1. Considering only protein heavy atoms and a probe of 1.4 Å, how much of the accessible area of the chain is carbon and sulfur, as a whole percent?
2. Let me have the 222 nm mean residue ellipticity of the chain computed from DSSP H runs of 4+ only, each contributing -39500 (n - 2.57), with the sum over all residues rounded to the nearest 500.
3. For the chain, list log₁₀ I(q)/I(0) at each q in 0.07, 0.12, 0.15 Å⁻¹, using the Debye formula over Cα point scatterers of equal strength and ignoring solvent, two decimals each.
4. Given the C-alpha centroids of the stretch 283-318 and the stretch 34-73, what is the distance between them in whole angstrom?
5. Binned at 10 Å from 0, what are the whole-percent values of the Cα-Cα distance distribution for the stretch 93-233, short to long?
6. Dipole size in debye (nearest 20) for the stretch 110-181 around its Cα centre, Lys and Arg Cβ +1, Asp and Glu Cβ -1?
7. Suppose every Lys and Arg Cβ carries +1 and every Asp and Glu Cβ carries -1, with no other charges. What dipole size does the stretch 1-124 come out with about its Cα centre, to the nearest 20 debye?
8. Accessible area per residue of the stretch 99-153 at 1.4 Å probe, in Å²?
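The values are calculated or read from the model by the stated rules, or taken from the named source; none is laboratory data. All of these numbers come straight from a predicted model, not from anything done at the bench. Cβ coordinates were reconstructed from backbone atoms using ideal geometry, including for glycine residues, and neighbour counts include every protein chain displayed. Just the protein is used for accessible areas: all its heavy atoms, side chains included, with ligands, DNA and RNA removed. Shrake-Rupley method; radii C 1.70, N 1.55, O 1.52, S 1.80 Å.
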Amino acid sequence: VDLNDQQGNSVSSGKSKLCFFCREKPAIECRRERAHDFDQLRSFMFLVMDKYCRTQREERIAKKLSELAQQAILAEISLTPKPGLVDQVSSGSHADMDFQTFVDSTNAISLWFGELVREGFAFHEKDLTQALPRLREIGLRMESDMFEATGNVNTQKGIIFLMGLSLFACGKLLGQGDHFQVEEFRSIIKATCKDLVKNEMVNAVGSGKSHGEKIFLKYGFTGARGEAESGFSTVFNFGLPQLIQSKELNDEALTQCFLAIAASNNDTNILFRSNPEVLYAFRKLCKIALEDFNLANYVALIDFCKHENISPGGSADLLAVTIFVWLVIQAGDQKHFTF
């Protein structure tokens with residue numbers, strides 16, 4: 001494109017610019033010599049424009065999904081009151097953290113959400129388990145930022161894992177098409193986490209490094225890894241059906257969604273602090289509170305968690321994932337997430 005002054009004279013920078021097409025000769029030489037075929041130039045021009053539009057689309061999607069993930073996590077944290085969990089007025093069964101700790105932690109880890117989506121866009125291997133090393137690398141950086149923000153308090157290792165997988169799967173799915181499809185989303189999660197329990201828990205018996213690994217060694221419950229390998233079965237079989245009945249994310253809808261998840265989830269956070277008997281008693285109280293939803297039943301559940309000093313952190317993480325999926329669906333028309 002030539003630049004001209006008000007008199008129509010050509011304005012030049014005085015620099016010799018490389019040809020846009022071959023990047024070898026000055027552009028003026030290629031033009032004078034007609035070095036490139038018109039069809040070549042035209043195809044190349046549309047290729048560059050397509051690449052630009054695709055990049056812009058991916059950045060827009062990454063930004064939107066990052067916003068929804070942060071909104072989902074903050075919605076779970078802000079839900080008040082919650083049994084045994086940190087909320088806006090109580091630290092629940094946690095003496096080393098409060099609401100502000102979680103806000104700071106969320107702000108720290110959310111800076112990586114876009115990177116996780118972009119990993120999904122960029123991943124083209126048939127074997128989705130090959131994505132795990134890269135996702136773990138990002139996850140470890142997120143954990144490092146979390147610990148720095150919280151003064152070495154573990155607030156969100158679980159949600160880093162589960163939301164990280166969710167964002168990657170969304171990037172992979174929307175990199176292939178314009179629509180969010182629940183079953184395809186679940187298939188990506190399952191394929192990415194194929195044999196995760198066997199590889200990291202069954203074959204690693206004796207390590208017992210994390211809370212989840214210790215619980216697996218003691219009771220055989222698979223925790224977050226099992227949930228991921230199942231394609232988030234608790235989220236889609238219990239949490240989302242409950243939440244999808246609501247038209248907005250109010251406290252009542254979120255509380256009932258949490259109860260639906262917690263009544264069905266073998267929460268390893270509870271097991272780490274207690275035993276299966278306490279877990280089953282907790283799940284029974286959740287079921288009662290959900291089926292007969294009133295203040296008395298919910299307070300009884302809160303009092304039980306306080307008395308047993310337990311915290312259903314695993315169920316809280318699954319609530320955040322459920323809210324995220326609900327928000328993604330709502331961003332479209334209840335069926336599709338279109339860009």
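1. 50 percent
2. -19500 deg cm²/dmol
3. Calculated log10 I(q)/I(0) at the listed q: -0.38, -0.84, -1.25.
4. Between the Cα centre of the stretch 283-318 and that of the stretch 34-73, the gap is 47 Å.
5. All Cα pairs, binned at 10 Å, distribute as 12, 37, 35, 15, 1 percent.
6. Details: 7 positive and 9 negative charges, 23 e Å.
It works out to roughly 120 debye.
7. I would put it at about 740 debye.
8. The answer is 52 Å² per residue.
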